[in-house]
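One structure is given below, encoded as structure tokens.
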Amino acid sequence: MTLTLRNIAKTFPGGARALMPTDLDISEGEIVSLLGPSGCGKTTLLRIIAGLETADPGAQIRFKGEDMGALPVERRKVGMVFQSYALFPNMSVRSNIGYGLKMQSLPRDQIDARVDEVIALCRLEPYAGRAITALSGGQRQRVALARAFAPRPRLLLLDEPLSALDAALRGALRDELAALLRQFGITAIFVTHDQDEAMAIADRVAVMSQGRVAQIGTPEALYRAPENAFVARFVGNALPLGGLIEDGRLHLPGGVLTLAGHSNGKAAFVRAEDVKIVADGPLAATVETVTFLGTHYRIGLRGATHETLFCLHQGVSAPKPGETVRLAIAPQSILTLDPEKAAA
Amino acid sequence: MKNPGRFLQLSVTLLAAAFLLVPTIQSVLAGLTVNYFQGLRSGLTLNWIFVVWDLYSSSIFLSLGIALACLVVTLIIGVPAAYAMARNPGRLTRALEEFISLPLAIPGLALALALLQLYGTYKGFRLSWTFILVGHVLYTLPFMVRSVLSVLAAIDLKTLEEGAASLGAGPARRFIDIVVPNALPGILAGALTVVTLSIGEFNLTWMLHTPYLKTLPVGLADSYASMRLEIASAYTLIFFVMIVPLLLAMQWASARAQRITQ
């Protein structure tokens, strides 16, 4: 493992526990995302890895076997992209990118060569001589990335690198960032609250909740086989079906569904895209709302479950509100998980 | 006039300008006329200026020296102090800010008296120009600290420093590469205020000065009290010629620095 984290916890002065003892292993060249709602401890974990925050005693941060935990941030050789980018307003784009190399006391011509290389890689040639204040948000984000990457850090850390951009730009830059990180071939950890961002960029995603890693795995694994209700809800917006599970069958107000397994004592969840409107489905429901979203309709259904059930319906037309429809949910699409203790 | 509001605005502005300029011009002319009581008929001369130079050039150089020394000391103390305060906001910092601002509220005379009571017996110190310097530093330091602090508070200093640290910069490098350049508009504005205040400071200096250590304003008072009006006016003229370009130059520098950080 390139980066090994053991027993990383953080208690803030005053007793608030931002991070429960956490272990994490990241291999060479891997891009890992820390995904979770605000206050879940993801940024704290990233800042501890960077050395900007001190973990509680007993923590271990090892990079290829070498203990990093005692090093101050300036000697950890980690690149960091900040949410606000933290570009130096008193320096040009070039000087920002070259700053880390200057700190390594490299000769002038080596710095220039490396800065040129990174500028070309990040396609920043037209902006190299500009002042930071003369750049757009997207350009600043690339400069921040170039600046963090230029000194050849052993680890790249990104704290919500896209959240300062407006929504239209974010989508395009997300794919660009994913491509650049792959091109860099660098081990990277990036923090986000946006599941699409995590899925699009990361090899593995660690979903965090209330200071703990709820599950870590590939985006597909998290989506298809969530281990708990939080992950099911947060990744892909699974909705609880409610009802009662008895011997492989789920009893709901609108009918009875067959489950793939026995699953007594568990709770059932389903994603809107797995709810199908079919003529001979086992569930009866009344259409409550219909929202046209271009590629599909989002239909709110009443009567099948205790709460409103949503269905993503693809087709040229949709049922009207008030109509009664029949629904089917494939047994393998129903996620049976341990019930949530309390609302997270 | 089509617009009566504009007319009113113009007249008030011109009146205010005249109110400030007429006495200035009169004073300047008084320093340049051969005999003020006979008026301009007696002719114009630069003689009074040479007389002032002979009598008071040591005061002028002393004031410049003290102002520069005061600037150096307030920079060395004030910039790191403002930085420390910006990095550690809290009740203690607020209390400290109020404390160093006290000399603004206390009359210079009282401050000078306190200095005399405390250090008056150390003859070597009491008779040296550094005694006046201490008074000036006490009086001008809050201007430097507040000016730098307000700029530092307006930028996200913590994150900028974290950025520099992640790129391998230690605390000293961060201070020189990040803190000082980004605080520059505040430092320049503070420097402008410190030098101007130090050169013009009278009431504290008047208490602290000795017959051998007269600063420019103290010399001015001396000339008003004991010299003829033409000499006093010529002295005022020299004061103007010194302070106005200084003010303009530093204002230009501070405006330029302000643009860089926007």
* To do: Return the residue satisfying two criteria in turn: it lies in the range A:90-105 and is closer than 14 Å to B:Ala169 by Cα and in a loop (DSSP other than H, G, I, E, B), and of such residues it is farthest from the other protein chains (Cβ to nearest Cβ).
  => A:Ser105
* To do: Would you mind telling me which numbered condition in (1) at pLDDT below 80; (2) surrounded by fewer than 12 Cβ atoms within 10 Å (Cβ to Cβ) B:Ser226 fails?
  => (1)
* For the range A:7-48, name all the residues that are within 20 Å of A:Thr192 (Cβ to Cβ), surrounded by fewer than 22 Cβ atoms within 10 Å (Cβ to Cβ) and either of a type in the set (Gly, Ala, Ser) or touching a His at 6+ places or on another chain (Cβ under 9 Å) (or both). => A:Ala18, A:Gly29, A:Pro37, A:Ser38, A:Gly39
* Go over the candidates A:Glu66, A:Glu74 one by one and state the one that is touching a residue at least 24 places away in the same chain (Cβ under 8 Å) and among the acidic types (Asp, Glu). => A:Glu74
* Members of the range A:90-100 found to be surrounded by fewer than 22 Cβ atoms within 10 Å (Cβ to Cβ) and under 14 Å from A:Pro151 (Cβ atoms), listed by number -> A:Ser95
* Answer with yes or no whether A:Ala179 is more than 14 Å from chain B (Cβ to nearest Cβ), out of contact with any His (no Cβ under 6 Å at 6 or more places or on another chain) and without any contact (Cβ under 8 Å) to a residue 12 or more places away in the chain. => yes
* **Residue check for A:Arg108: loosely packed, with under 15 Cβ neighbours inside 10 Å and within 9 Å of another protein chain (Cβ to nearest Cβ)** => no
* Would you point out which residue out of A:Leu173, A:Leu87, A:Leu162, A:Leu121 is within 14 Å of chain B (Cβ to nearest Cβ), surrounded by 15 or more Cβ atoms within 10 Å (Cβ to Cβ) and among the aliphatic types (A, V, I, L, M)? => A:Leu87
* Selection within the range A:57-84 - within 14 Å of chain B (Cβ to nearest Cβ), of a type outside the set (S, T, N, Q) and not in a strand (DSSP E or B) -> A:Met68, A:Leu71, A:Pro72, A:Val73, A:Glu74, A:Arg75, A:Arg76, A:Lys77, A:Phe82
* **Within the range A:172-285, helices (runs of 4 or more DSSP H) holding 3 or more residues that are closer than 28 Å to A:Arg123 by Cα** => A:195-201
* Asked: So which of A:Gly281, A:Gly303, A:Gly294, A:Gly315 ends up being in contact with a Ser or Thr (Cβ under 6 Å, 6 or more places away or on another chain) and at pLDDT below 90?
  -> A:Gly303
* Specify the residue that is surrounded by the fewest Cβ atoms within 10 Å (Cβ to Cβ); the eligible residues are those in the range A:124-150 that are out of contact with any strand residue (DSSP E or B) (no Cβ under 7 Å at 6 or more places or on another chain), within 14 Å of chain B (Cβ to nearest Cβ) and not in a helix (DSSP H, G or I). => A:Leu135
* Asked: A:Ile201 versus (1) surrounded by fewer than 21 Cβ atoms within 10 Å (Cβ to Cβ); (2) farther than 30 Å from A:Thr324 by Cα; (3) modelled with pLDDT of 90 or more: which is the lone unmet condition?
  -> (1)
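Restricting to helices (runs of 4 or more DSSP H) lying wholly in the range B:110-196: which have 3 or more residues that are within 14 Å of another protein chain (Cβ to nearest Cβ) and touching a Leu at 6+ places or on another chain (Cβ under 9 Å)?
Per the criteria, B:157-166.
The values are calculated or read from the model by the stated rules, or taken from the named source; none is laboratory data. Nothing here was measured: the structure is a model prediction, and the numbers come from that model. Here Cβ is always computed from backbone atoms with ideal geometry, including for glycine, and neighbour counts include all displayed protein chains.
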